[in-house]
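Note sheet for the following structure.
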Amino acid sequence: MNIMLLLLSGLLLMSCSVLGKRTADEPGYSIVKKDGAFEIREYDAMIIAETLLDGSYRSTSGKGFSKLAKYIFGSNVGSEKIAMTAPVLQEAEGEKISMTAPVIQEKAGTKWKMAFVMPAEYTLQNLPKPVDPDILIREVPARKVASVRYSGLHSEKNIANWSAKLTEWLEKQGVKAVSVPRSASYDPPWTIPFLRRNEIHIDVL
């Protein structure tokens with residue numbers, strides 16, 4: 001069951017298109033500054049569903065993804081049916097929520113947070129409540145975010161490497177970071193590594 005959820009979620013991330021071309025919705029933002037792979041963006045407010053798990057990046061990634069995938073595939077409290085943007089898993093009663101990109105991960109001490117961004121039509125009032133008590137629904141206010149984009153494997157080593165590069169770039173720009181780095185994944189794991197879109201995000205003043 002968990003494997004099926006991961007496979008279907010991955011298909012939604014790339015919307016079943018050739019070579020992982022992405023058509024999934026993304027949070028709205030405008031670009032304030034661009035310097036090669038580096039950007040500073042202004043994001044609109046967004047609603048996220050997140051879960052916090054204790055352990056390493058590798059050990060928590062699959063568990064966190066599975067929990068959140070179950071939530072958007074119907075493990076929630078709701079009466080209105082919402083069509084998926086790609087294959088639909090009609091497994092549990094309740095509301096089904098479209099997959100969006102990116103999947104966000106952030107280290108918190110010895111734990112890792114994973115979050116799915118909810119489609120823009122939802123608010124805290126109309127988003128269905130998760131059945132899983134480990135899933136938190138919250139609103140992230142509009143914010144300014146520095147990012148760096150890279151391809152390849154989304155490993156903990158690459159996350160640390162590109163986080164350091166983004167931090168160094170911010171220091172050179174004289175921009176103050178106000179959050180720890182977090183990773184953003186836009187593609188399923190079977191996407192050819194050099195075609196993957198991976199990013200590191202850091203909130204800035």
statement: Counting only residues that are surrounded by 16 or more Cβ atoms within 10 Å (Cβ to Cβ) and either more than 16 Å from A49 (Cβ to Cβ) or not hydroxyl-bearing (S, T, Y) (or both), the range 121-143 contains a total of 7
Residues located in the range 125-166, provided they are of a type outside the set (A, V, I, L, M, F, W, C), in a strand (DSSP E or B) and either closer than 22 Å to I200 by Cβ or in contact with a helix residue (DSSP H, G or I) (Cβ under 6 Å, 6 or more places away or on another chain) (or both): P130, R138, R143, K144, S147, R149, Y150
query: Is it true that some residue in the range 36-57 is assigned to a loop (DSSP other than H, G, I, E, B), at pLDDT below 75, closer than 25 Å to R149 by Cα and among the charged types (D, E, K, R)?
result: no
statement: Of the candidates I192, I159, I135, the one satisfying the condition of being among the aliphatic types (A, V, I, L, M) and touching a Pro at 6+ places or on another chain (Cβ under 9 Å) is I159
query: Which residue out of S61, S30 is hydroxyl-bearing (S, T, Y), under 15 Å from P102 (Cα atoms) and without any contact (Cβ under 8 Å) to a residue 60 or more places away in the chain?
result: S61
- line: Considering residues that are within 14 Å of the chain's Cα centre (by Cα) and among the acidic types (D, E), the number found within the range 119-138 is 0
message: For the range 151-168: of the residues being surrounded by 18 or more Cβ atoms within 10 Å (Cβ to Cβ) and in contact with a Phe, Trp or Tyr (Cβ under 9 Å, 6 or more places away or on another chain), which is nearest to R41 (Cα to Cα)?
response: L166
Among the candidates V178, V148, residue that is buried (at least 19 other Cβ atoms within 10 Å of the Cβ), over 16 Å from I48 (Cβ atoms) and more than 14 Å from the chain's Cα centre (by Cα): V148
query: How many of the residues in the range 167-204 are among the small types (G, A, S) and part of a loop (DSSP other than H, G, I, E, B)?
result: 2
query: Is there any pair linking a residue in the range 165-193 that is in contact (Cβ under 8 Å) with a residue 40 or more places away in the chain and within 28 Å of D25 (Cα to Cα) to one that is among the hydroxyl-bearing types (S, T, Y) and outside any helix (DSSP H, G or I), with Cβ under 8 Å and at least six apart or on different chains, and which?
result: L166/S147; A184/S147; P193/S151
field: Whichever residue in the range 104-124 is of a type in the set (A, V, I, L, M, F, W, C) and outside any strand (DSSP E or B) and, among such residues, is nearest to H201 (Cα to Cα)
entry: M118
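The values are calculated or read from the model by the stated rules, or taken from the named source; none is laboratory data. Because the structure is a prediction, the values reported are computed rather than measured. No Cβ is skipped: glycine too gets one built from the backbone with ideal geometry, and neighbour counts run over all protein chains shown.
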